[in-house]
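*Asks:* Handing you a structure now.
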Amino acid sequence: MFYLTLPNRLFSRKQFVLFLVTLLLLLTALTRIPSLNDVPLNWDEVWSIWQSLGSFEQTYRWTPSDWPPLYFLSVNVWQSLAGITPFVLHALSLLVFMPGIPITYRAVLEMTGDHAAAFFAAFAFTALGFAQFLSLLVRAYALLLTLSMLAVWLTARYFRRPTLRRGLILGLCLAAMFLVHYTAAFIYALLGLLTLFTHRRQLWRWWLPAGMVAAAGLLEVLPKLDVFLNRTGYNRQLELSPLPKALAGLYGFLAGSTWGLLALVAAALGLLILWKPRRQAAPILLWAASPLAAYVFHSQLGLFQDARYLWWVLPGLTLLTGIGLAALPRQTHLLAALALGIMLIPIDFEDYQIQEYGATFQPIDYVFTELERVLKPGDVIVVDPKCDCAPVEAWDYYMRLHFPTGLPFTDSPEGHARVWYISRDWDKDEAMRARVAEGRVAGKYIGPPGFLARLYEGPPDPTGILFANGIRYHGMTIDRQLAGPEGPVYHEGETIQFRLWWSVGRAVGRDYSIGVYSRLPT
């Protein structure tokens, strides 16, 4: 590896390995932490959070039939300790993802004994574009990636020197993966393929970990057997692009950048042509090429159309990148490390959201954030009957986030001076809009047309005081959100903003002026 040319007095090998892995962890944290609060939540993320908002027992009971419970229970424990803000929930995914970096290093070192391959694999684990996205996604996939690399490491250790203890630990890891997400079964198949090539005569040793997985799987699957036997999915009915275009698009999506694609191609050539022993290269290449099988069996499985369900390809691409780049001539290693470093530049997470996950809930989050700032005591909120702006799970989550004590919703705007009207701007219920607008003036608005909150404000005294010249005074409002029991309190020199409400029933015959006076208590 390129570090071997450094003077021995600077670093021992162990110290340099520790330095490199620590540097990778720091780079990962530095490039992801700024995005923890910026990446908008998508529907699946909000739904996952919403599932875990009850007690531990409720979260277990609310787990849907097509999901195992372990991930939701983990989110439940985390949010009870840290809160439900998007920042801390994205942080949970990042925290369970980052241990996968040193685990990947140990896994590939156990498989190959090559420090260069281990370093490149650890780099690829965190740098591939789709891995970056999954490392922040509030779903189970970040945890699955880490557990997958842990399973690779434990499998290599177990088959190198089988012991009862190692078999039990491997079985626990694999069973935990199944209780996180059922698609962990693909990792089982690919690990079996790996050992078929590398430890063919010891395949019988799978009896212990496989037996543990089977026991956990039966306990989880049998109560839901009808779900697995009668699985139908919209994805299976979607028409796919021609094979070359579909595979190119998928690998580009997984790699995340041109540099990522070049690294995958270079690694594949290195593994295919230069890596020895050949038996180890074959299953890794097959693992990396497994999306081809997902394409062929799409009508049965429905996996290819949604890259989330192909997360299990990423560990194979990690092994391919690490071992393949290490197989290239040593003079290219520094260039390979630089390419992987460029790949760490944060991807455009919004592109991943738009391409694969549909609309996010950025509008409702923004509107509620602003309402939290401008809402005054006595304000009410009317939601247009036609406002299918967000699912109920999103309303519930963002209300808990911004207004834990609730919001003053009403479907009767009459009698309220300030009404916030939430609607889709192009599709309103005209009868409700007329009721909100009656006797009020449309004022400031918040949000995009698809989730628009607009303030309709009326006078504090609808009847008012009629003057002899026909002008009616309806009172004054002060633009102050908080107030004490005797009204708003101001500091010396502070600006006061207020609104005077007047109306006229007929033309005023004389010039008039308005004066505002402050009467100090004696």
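The values are calculated or read from the model by the stated rules, or taken from the named source; none is laboratory data. Nothing here was measured: the structure is a model prediction, and the numbers come from that model. Here the Cβ positions follow ideal geometry from the backbone for every residue, glycine too, while neighbour counts run over all protein chains shown. Surface areas here come from the heavy atoms of the whole protein model, side chains and all, with no ligands, DNA or RNA. Shrake-Rupley method; radii C 1.70, N 1.55, O 1.52, S 1.80 Å.
*Asks:* Looking for whichever is touching a residue at least 24 places away in the same chain (Cβ under 8 Å), in contact with a strand residue (DSSP E or B) (Cβ under 6 Å, 6 or more places away or on another chain) and either buried (at least 17 other Cβ atoms within 10 Å of the Cβ) or hydroxyl-bearing (Ser, Thr, Tyr) (or both) here; the options are Asn76, Asn42. Which one fits? Steps first, please.
*Replies:* Numbers: Asn76 fails: in contact with a strand residue (DSSP E or B) (Cβ under 6 Å, 6 or more places away or on another chain).
None of the other options fit; the residue is Asn42.
*Asks:* Here is a list: Leu240, Leu292, Leu286. Which entry is farther than 25 Å from Asp44 by Cα and surrounded by fewer than 16 Cβ atoms within 10 Å (Cβ to Cβ)?
*Replies:* On the way: Leu240 fails: farther than 25 Å from Asp44 by Cα; Leu286 fails: surrounded by fewer than 16 Cβ atoms within 10 Å (Cβ to Cβ).
It is Leu292.
*Asks:* Return the only residue of Ala142, Ala118 being of a type in the set (A, V, I, L, M, F, W, C) and either surrounded by fewer than 24 Cβ atoms within 10 Å (Cβ to Cβ) or farther than 25 Å from Ala216 by Cβ (or both).
*Replies:* Ala118
*Asks:* Let me ask something else about it. Just one of the numbered conditions (1) open to solvent by 60 Å² or more (accessible area, probe 1.4 Å); (2) modelled with pLDDT under 90; (3) part of a helix (DSSP H, G or I) is not true of Thr232; which one?
*Replies:* Only one criterion is unmet by Thr232, namely (3).
*Asks:* While we're on this one: Given the structure, is Ile273 of a type in the set (A, V, I, L, M, F, W, C), open to solvent by 60 Å² or more (accessible area, probe 1.4 Å) and out of contact with any Phe, Trp or Tyr (no Cβ under 8 Å at 6 or more places or on another chain)?
*Replies:* Values: of a type in the set (A, V, I, L, M, F, W, C): yes; open to solvent by 60 Å² or more (accessible area, probe 1.4 Å): yes; out of contact with any Phe, Trp or Tyr (no Cβ under 8 Å at 6 or more places or on another chain): yes.
Yes: the conditions hold for Ile273.
*Asks:* Take Trp420 and tell me if it is in contact with a Leu (Cβ under 7 Å, 6 or more places away or on another chain) and of a type in the set (A, V, I, L, M, F, W, C). First the steps, then the outcome.
*Replies:* Details: in contact with a Leu (Cβ under 7 Å, 6 or more places away or on another chain): yes; of a type in the set (A, V, I, L, M, F, W, C): yes.
Criteria met by Trp420.
*Asks:* Could you grab me the full set of residues in the stretch 163-172 that are closer than 14 Å to Glu110 by Cβ and surrounded by fewer than 22 Cβ atoms within 10 Å (Cβ to Cβ)? Can you show your working first?
*Replies:* Here is the first cut: in the stretch 163-172, the ones closer than 14 Å to Glu110 by Cβ are 166, 169-170.
Residues satisfying the conditions are Arg166, Ile169.
*Asks:* Let me ask something else. Which residues, counting only those in the stretch 137-162, are at pLDDT below 95 and among the β-branched types (Val, Ile, Thr)?
*Replies:* Val138
*Asks:* Can you confirm whether Phe130 is at pLDDT below 95 and open to solvent by less than 10 Å² (accessible area, probe 1.4 Å)?
*Replies:* Details: at pLDDT below 95: yes; open to solvent by less than 10 Å² (accessible area, probe 1.4 Å): yes.
Yes: the conditions hold for Phe130.
*Asks:* Do we find a residue being farther than 28 Å from Ala118 by Cβ, in a loop (DSSP other than H, G, I, E, B) and in contact (Cβ under 8 Å) with a residue 12 or more places away in the chain anywhere in the stretch 317-332?
*Replies:* Within the stretch 317-332, none of the residues are farther than 28 Å from Ala118 by Cβ, in a loop (DSSP other than H, G, I, E, B) and in contact (Cβ under 8 Å) with a residue 12 or more places away in the chain.
*Asks:* Ok, one more. Which of (1) of a type in the set (Gly, Ala, Ser); (2) closer than 19 Å to Ile187 by Cα; (3) modelled with pLDDT under 90 does Ser299 not meet, given it meets every other one?
*Replies:* (2)
*Asks:* Same structure, new question: Exactly one of these conditions fails for Leu303: (1) assigned to a loop (DSSP other than H, G, I, E, B); (2) closer than 17 Å to Thr112 by Cβ; (3) of a type in the set (A, V, I, L, M). Give me its number.
*Replies:* (2)
*Asks:* I've got another one for you. Considering only the stretch 130-165, how many residues are polar (S, T, N, Q), assigned to a helix (DSSP H, G or I), within 27 Å of Asp351 (Cβ to Cβ) and out of contact with any Pro (no Cβ under 6 Å at 6 or more places or on another chain)?
*Replies:* Looking only at that region, the number is 1.
*Asks:* Which ones in the stretch 435-458 are without any contact (Cβ under 8 Å) to a residue 40 or more places away in the chain and part of a loop (DSSP other than H, G, I, E, B)?
*Replies:* Passing the criteria: Glu438, Gly439, Arg440.
*Asks:* Enumerate the pairs (first residue in the stretch 461-472 and in contact (Cβ under 8 Å) with a residue 40 or more places away in the chain; second residue anywhere and surrounded by 12 or more Cβ atoms within 10 Å (Cβ to Cβ) and aromatic (Phe, Trp, Tyr)) with beta-carbon separation below 7 Å, excluding pairs fewer than 6 apart on the same chain, so at least 6 apart or on different chains.
*Replies:* Between residues of the stretch 461-472 that are in contact (Cβ under 8 Å) with a residue 40 or more places away in the chain and residues that are surrounded by 12 or more Cβ atoms within 10 Å (Cβ to Cβ) and aromatic (Phe, Trp, Tyr), the close pairs are Ile471/Trp502.
*Asks:* Which condition number in (1) modelled with pLDDT of 90 or more; (2) crowded, with 19+ Cβ neighbours inside 10 Å; (3) closer than 30 Å to Pro34 by Cα is the one that Cys389 fails?
*Replies:* (1)
*Asks:* Moving on. When residues of the stretch 417-434 are filtered for being part of a loop (DSSP other than H, G, I, E, B) and buried (at least 19 other Cβ atoms within 10 Å of the Cβ), how many remain? Steps first, please.
*Replies:* Within the stretch 417-434, the first condition is being part of a loop (DSSP other than H, G, I, E, B), and the residues that meet it are 417, 425-426, 428-429.
Now drop any that are not buried (at least 19 other Cβ atoms within 10 Å of the Cβ), which leaves 417.
Selection size over the stretch 417-434: 1.
*Asks:* Identify all residues within the stretch 162-173 that are within 11 Å of Val213 (Cα to Cα) and touching a Leu at 6+ places or on another chain (Cβ under 8 Å); write none if there are none. Can you show your working first?
*Replies:* As a first pass, look at the stretch 162-173 and keep what is within 11 Å of Val213 (Cα to Cα): 168, 170-173.
Within the stretch 162-173, Leu168, Leu170, Gly171, Cys173 meet the criteria.
*Asks:* Looking only at the stretch 80-103, count how many residues are buried (at least 19 other Cβ atoms within 10 Å of the Cβ) and either in contact with a Pro (Cβ under 7 Å, 6 or more places away or on another chain) or under 30 Å from Leu219 (Cβ atoms) (or both).
*Replies:* Residues in the stretch 80-103 being buried (at least 19 other Cβ atoms within 10 Å of the Cβ) and either in contact with a Pro (Cβ under 7 Å, 6 or more places away or on another chain) or under 30 Å from Leu219 (Cβ atoms) (or both): 7 in total.
*Asks:* Still on this structure, I have one more. I need the full set of residues from the stretch 53-64 which are among the hydroxyl-bearing types (Ser, Thr, Tyr) and either open to solvent by less than 60 Å² (accessible area, probe 1.4 Å) or touching a strand residue (DSSP E or B) at 6+ places or on another chain (Cβ under 9 Å) (or both), in order please.
*Replies:* At the first step, the residues of the stretch 53-64 found to be among the hydroxyl-bearing types (Ser, Thr, Tyr) are 55, 59-60, 63.
Of everything in the stretch 53-64, those that are among the hydroxyl-bearing types (Ser, Thr, Tyr) and either open to solvent by less than 60 Å² (accessible area, probe 1.4 Å) or touching a strand residue (DSSP E or B) at 6+ places or on another chain (Cβ under 9 Å) (or both) turn out to be Ser55, Thr59, Thr63.
*Asks:* Then there is this: Using the structure shown, decide if Pro404 is at negative phi, open to solvent by 40 Å² or more (accessible area, probe 1.4 Å) and modelled with pLDDT of 85 or more. Talk me through it step by step, then tell me what you get.
*Replies:* On the way: at negative phi: yes; open to solvent by 40 Å² or more (accessible area, probe 1.4 Å): yes; modelled with pLDDT of 85 or more: yes.
Yes; evaluated as a whole, the condition is true for this residue.
*Asks:* Are any residues in the stretch 477-506 within 19 Å of Asp461 (Cα to Cα) and at pLDDT 75 or above, and if so, which ones?
*Replies:* Across the stretch 477-506, the qualifying residues are Thr477, Ile478, Gln497, Phe498, Arg499, Leu500, Trp501, Trp502, Ser503, Val504, Gly505.
*Asks:* Right, next: Tell me, yes or no, whether the stretch 166-177 has at least one residue that is out of contact with any Asp or Glu (no Cβ under 9 Å at 6 or more places or on another chain), within 30 Å of Phe361 (Cα to Cα) and part of a helix (DSSP H, G or I).
*Replies:* We begin by selecting, within the stretch 166-177, every residue out of contact with any Asp or Glu (no Cβ under 9 Å at 6 or more places or on another chain); these are 166-177.
Filter once more, so that each one left must be within 30 Å of Phe361 (Cα to Cα): 177.
If we keep only those that are part of a helix (DSSP H, G or I) too, we end up with 177.
Yes, the stretch 166-177 has at least one match.
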